[in-house]
1. Enumerate the pairs (first residue in region 30-55 and farther than 18 Å from ARG111 by Cβ and in contact (Cβ under 8 Å) with a residue 24 or more places away in the chain; second residue anywhere and part of a loop (DSSP other than H, G, I, E, B) and not small (Gly, Ala, Ser)) with beta-carbon separation below 9 Å, excluding pairs fewer than 6 apart on the same chain, so at least 6 apart or on different chains.
2. Scan region 1-29 and report the pairs whose first residue is at pLDDT below 90 and whose second residue is not in a loop (DSSP other than H, G, I, E, B), with Cβ atoms within less than 6 Å and a gap of 6+ or a chain change.
3. Let me spell it out: the conditions are (1) surrounded by 15 or more Cβ atoms within 10 Å (Cβ to Cβ); (2) within 15 Å of the chain's Cα centre (by Cα), and ALA53 meets all of them except one. Which number is the exception?
4. Hey, could you check region 21-33 for residues that are of a type in the set (A, V, I, L, M, F, W, C) and touching a Gly at 6+ places or on another chain (Cβ under 8 Å) and say which is surrounded by the most Cβ atoms within 10 Å (Cβ to Cβ)?
5. Which condition from (1) surrounded by fewer than 18 Cβ atoms within 10 Å (Cβ to Cβ); (2) modelled with pLDDT under 90; (3) among the aromatic types (Phe, Trp, Tyr) is the one that PHE78 breaks?
6. List pairs: first in region 87-105 and touching a residue at least 40 places away in the same chain (Cβ under 8 Å), second surrounded by 15 or more Cβ atoms within 10 Å (Cβ to Cβ) and not in a helix (DSSP H, G or I), Cβ under 7 Å, 6+ apart or cross-chain?
7. Given the criteria touching a His at 6+ places or on another chain (Cβ under 7 Å) and of a type in the set (A, V, I, L, M), does ALA23 qualify?
Amino acid sequence: MNATIRASRILLIVGLLAMVIGAVDPLEGSLVILPGTGLVALGAFLGYSRHRALLFEAFVLVAIGVGALWGVSAIGGFGGNSGRSMWWALVLLPYPVGWIMGLVGAVRSVREGFGRFAPSAAR
């Protein structure tokens, strides 16, 4: 197996694990989810996965969403006594959308990678 393909698989699996573990606490876990999504996107790029564009888009969405999450948190949040309506929660929407896209793309890339180099049963 090529060293680049091996590194690609390792990056995909480590990134996928980071994305799942970070979901335990979405605010503090965002510091694990964002690099995990980046590792998954890098692994897909190195492995020439069909899903690398999807994973890059997921990384961009997660980065925007995490920035918005920390920004809204820094100014006091929304709802309650903050003076901002609950509609401000829509600013955070790229974060879960990108996270779900990243999970789906990562799982599909891992399955694609392991199927590509598996021994053929037809021989």
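1. Short answer, once both residue conditions are applied: ILE33/PRO26.
2. Partner pairs satisfying both residue conditions: THR4/LEU46.
3. (1)
4. Start the filter on region 21-33 by keeping residues that are of a type in the set (A, V, I, L, M, F, W, C), which leaves 21, 23-24, 27, 31-33.
Right, trim to touching a Gly at 6+ places or on another chain (Cβ under 8 Å) and you get 21, 23, 31-33.
Details: ILE21: 13, ALA23: 16, LEU31: 13, VAL32: 18, ILE33: 26.
That would be ILE33.
5. (1)
6. Going by the 7 Å Cβ cut-off, the qualifying pairs are GLY105/HIS51.
7. Spelling it out, it is not the case that ALA23 is touching a His at 6+ places or on another chain (Cβ under 7 Å) and of a type in the set (A, V, I, L, M).
Okay, residues lined up against (1) part of a helix (DSSP H, G or I); (2) closer than 30 Å to ASN2 by Cα:
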site: LEU27; (1), (2): no, no
site: VAL32; (1), (2): yes, yes
site: PRO35; (1), (2): yes, yes
site: LEU42; (1), (2): yes, yes
site: ALA58; (1), (2): yes, yes
site: GLY67; (1), (2): yes, no
site: TRP70; (1), (2): yes, no
site: SER73; (1), (2): yes, no
site: GLY79; (1), (2): no, no
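The values are calculated or read from the model by the stated rules, or taken from the named source; none is laboratory data. Treat the numbers as computed from the prediction; the structure is a model and nothing was measured. As a convention, Cβ positions derive from the backbone with ideal geometry for all residues, glycine included, and neighbour counts pool all protein chains shown.
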